[in-house]
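Here the structure comes first, spelled out in structure tokens, and everything after it is commentary.
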Amino acid sequence: MRTISSAVEDYIKSKPFLISALSQGIINLTSLSRIIKSEIELSLKKEVRYGAIVMALKRLSTELEFRTTFKIVKIIKDIGDITVRSSLVDYNFKVSETLLSNQAKLLSKVDNNDDFYTSSRGVNECNIVVSGNLISLVEDVLKDEVLLSKQTNLSSISIKLPAENVSIPGVYYFVFQRLSWEGINIYEVISTSNEFTILVNEDQVDKAFKVIKNLKNL
């Protein structure tokens, strides 16, 4: 038999932003109980008192605070170098039989010491992000490929994470949530096991950097 606590937890888990707000204690539990009462009653198929929902929310808030704060914040505090690059261009190409070989030609002409180059490939699309000085080179080498879109005036923020980040769920969400709360739009995310890079518009990079840097002081 399902309990009120389990019904409340299932509901809250389906609302990611609500989970975060509860874990930080910024929601009035009495008001929230009024909002979700009908959903909880529908789930349990019986009438439920507001007080019982509030008590379930209080217990859940304490558990969520431990789950999201203790483990994730420990990882966030150990963030390594934060590297910012500006004047970047993001190309989105359609995947073709020749794209990979043309990318190899492009890479052979890139000076890895001074130039920025990164690429991510999906099933049907491939994104190539380069520093602005490589625009002519990219568009020459890949002139026969199908260009789906091109975005200029981007900046990247690369964050080095401790190795244990791969075993702790929610680390990326914790960072992206803070950026979202500040109204920062992430144009693209590129990640490896222990490092990820976000692309943002250049007019938002200072704000984004400040948000990420401040995470280390939680």
| segment 71-137 pair-distance distribution - Cα-Cα, 10 Å bins, rounded % | 17, 41, 24, 16, 3
| message | Can you give me the convex hull volume of the Cα atoms of segment 109-158, divided per residue and expressed in Å³? | response | 100
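Just to confirm a number: summing +1 for Lys and Arg and -1 for Asp and Glu over residues other than Ile159 whose beta-carbon lies under 9 angstrom from that of Ile159, what do you get? Display every interim value, and only then the final one.
Values: positive: Lys160; negative: Asp81, Glu195.
Counting the neighbours of Ile159, the net charge comes to -1.
Work out, step by step, the length gained on full extension between Asp206 and Leu137: first 0.36 nm times the residue separation, then minus their alpha carbon distance; give nm to one decimal. Mind dumping the intermediate values first?
Numbers: separation 69, 0.36 × 69 = 24.84 nm, distance 2.87 nm.
Here the segment from Asp206 to Leu137 would lengthen by 22.0 nm.
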| Student exercise, the chain dipole from Lys, Arg, Asp, Glu Cβ charges, in Debye to nearest 20 | 1320
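Quick check on packing: order 7-15, 116-124 by the mean number of other C-beta atoms within 10 Å, highest mean leading. Display every interim value, and only then the final one.
Numbers: 7-15: 16.7, 116-124: 13.4.
My ranking of the peptides, most packed first, is 7-15, 116-124.
Just from its helices, what would the mean residue ellipticity at 222 nm be for the chain, if runs of 4 or more DSSP H residues each count -39500 (n - 2.57) and the sum is divided by every residue, rounded to the nearest 500 deg cm²/dmol?
Numbers: 9 runs with 94 residues, N = 218.
Mean residue ellipticity at 222 nm (helix-derived): -13000 deg cm²/dmol.
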| request: May I ask for the Kirkwood hydrodynamic radius of the chain, worked out over all distinct Cα pairs and given in angstroms to one decimal? | output: 20.3
| note | If R0 = 41 Å, then Asp144 and Tyr173, at their Cβ-Cβ distance, give a FRET efficiency to the nearest 0.05 of 0.55
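Only Cα pairs under 8 Å and at least 6 apart count here; give the relative contact order of segment 96-218 as a rounded whole percent.
Details: 107 pairs, mean separation 27.0, N = 123.
With pairs under 8 Å counted, the relative contact order is 22 percent.
Would you mind counting up the charge near Glu125? Only other residues with Cβ under 14 Å from its Cβ, with Lys and Arg at +1 and Asp and Glu at -1. Don't jump to the answer; show the numbers that get you there.
Details: positive: Lys94, Arg121, Lys150; negative: Asp90, Glu145, Glu188.
Computed value for this residue: 0.
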| note | The simple spin-label model distance between Ser108 and Lys45, using points 7 Å out along Cα→Cβ, in nm, is 6.9
| said: So, R0 is 30 Å and r is the distance between the beta-carbons of Leu100 and Lys13; what FRET efficiency does that work out to, to 0.05? | reply: 0.15
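Let me check I've understood the local charge: for Arg178, count other residues with C-beta under 13 angstrom from its C-beta, Lys and Arg +1, Asp and Glu -1. What total comes out?
Once all neighbours under 13 Å are counted, the net charge is +3.
In this model, which of Lys13/Lys210; Lys13/Lys213; Lys74/Lys216; Lys15/Lys207; Lys15/Lys216 are farther than 21 Å apart at the alpha-carbon?
Lys13/Lys210; Lys13/Lys213; Lys15/Lys207; Lys15/Lys216
Any read-out appearing in this document is the output of simple, stated calculations on the displayed coordinates, not a laboratory observation. What you see is a predicted model, and the numbers here were worked out from it, not measured in a lab. Don't worry about glycine lacking a Cβ; one is built from the backbone with ideal geometry, like all the others, and counts go over all protein chains shown.
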